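Reading through the structure tokens given below for one structure.
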């Protein structure tokens, strides 16, 4: 029987989504995608809050015999949690989605820019650097899965170019993606993963650079040349030695300056 909802009149509104579907094909994920939404985050350095805007994807698995899902309920769950978004809050949202939509499985992904105050290496001038953070959650039955991801910009300098050239070496901006699952009793902050990523590149990028800073960064890259393969291997080594991490996936995309293509490398490993 189809659920009905009361209206201001004497009639009830039929619940078409909840009706039976005769095609007998289950849907892995159905829901809302690309919801732009203001959120509030805990700020590690200040101990206060940081306000930003997230892109949110919310899905559930739909049984073969159910015609549709109730799209409005996804937004109701989101509206109830927007004042506090942390890894624990996101996982709670995912479980609430599963319960509200009476689903066997729920998926939630929240992606947002996160701003970090970063001093220049010589002058100490502080500027804000933004990194892209992703919280990815899945809950199935009594099992929860949470992945923390950060996308971090940096600089790489080509070892081959340095070796074969009489002077100079070509370099490029790179974007490193680091995703981890963390042990149940462990704590990992966004800043922890950002530091891992920046240490794996030829050098870091900064918001504000005076001339002494620019000289330092240029020479630091020249003294620390790395292929894209070197970057992902160094990322993997750092995460292998971190007991908090149970699984990781790392990649780097290097935006080439002398080729009309990009270089890419990826490593994924389950440490359990």
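So if I check each of 159, 119, which one is assigned by TED's automatic domain parsing to the domain that holds residue 197 and more than 22 Å from residue 268 (Cα to Cα)? Lay out the reasoning, then the answer.
On the way: 119 fails: assigned by TED's automatic domain parsing to the domain that holds residue 197.
Unique residue meeting the criteria: 159.
Contact map, segment 8-27: residues that are farther than 17 Å from residue 60 by Cα paired with residues that are loosely packed, with under 10 Cβ neighbours inside 10 Å and modelled with pLDDT under 65, Cβ distance under 9 Å, separation 6+ or inter-chain. Pairs shown: 12/5; 12/6; 13/5; 13/6; 13/7; 14/5; 15/5. Evaluation of residue 199 against the conditions (1) assigned by TED's automatic domain parsing to the domain that holds residue 232; (2) modelled with pLDDT of 95 or more; (3) farther than 30 Å from residue 75 by Cα; (4) buried (at least 18 other Cβ atoms within 10 Å of the Cβ) shows that the sole unmet condition is (4).
Pick from 148, 108: which is assigned to a strand (DSSP E or B) and either closer than 19 Å to residue 248 by Cβ or at pLDDT below 90 (or both)? One residue alone meets the criteria, 148. A single member of 169, 103, 154 is surrounded by 19 or more Cβ atoms within 10 Å (Cβ to Cβ), touching a strand residue (DSSP E or B) at 6+ places or on another chain (Cβ under 7 Å) and part of a loop (DSSP other than H, G, I, E, B), and it is 103.
Summed over segment 111-124, the residues that are at negative phi and assigned to a loop (DSSP other than H, G, I, E, B) give a count of 4.
In the condition set (1) more than 19 Å from residue 36 (Cα to Cα); (2) in contact with a helix residue (DSSP H, G or I) (Cβ under 6 Å, 6 or more places away or on another chain); (3) not in a strand (DSSP E or B), residue 93 is compliant with all but (1).
The values are calculated or read from the model by the stated rules, or taken from the named source; none is laboratory data. Not measured: the values here are computed from a predicted model. Positions of Cβ are generated from backbone atoms using ideal geometry, with glycine treated the same way; all protein chains shown enter the neighbour counts.
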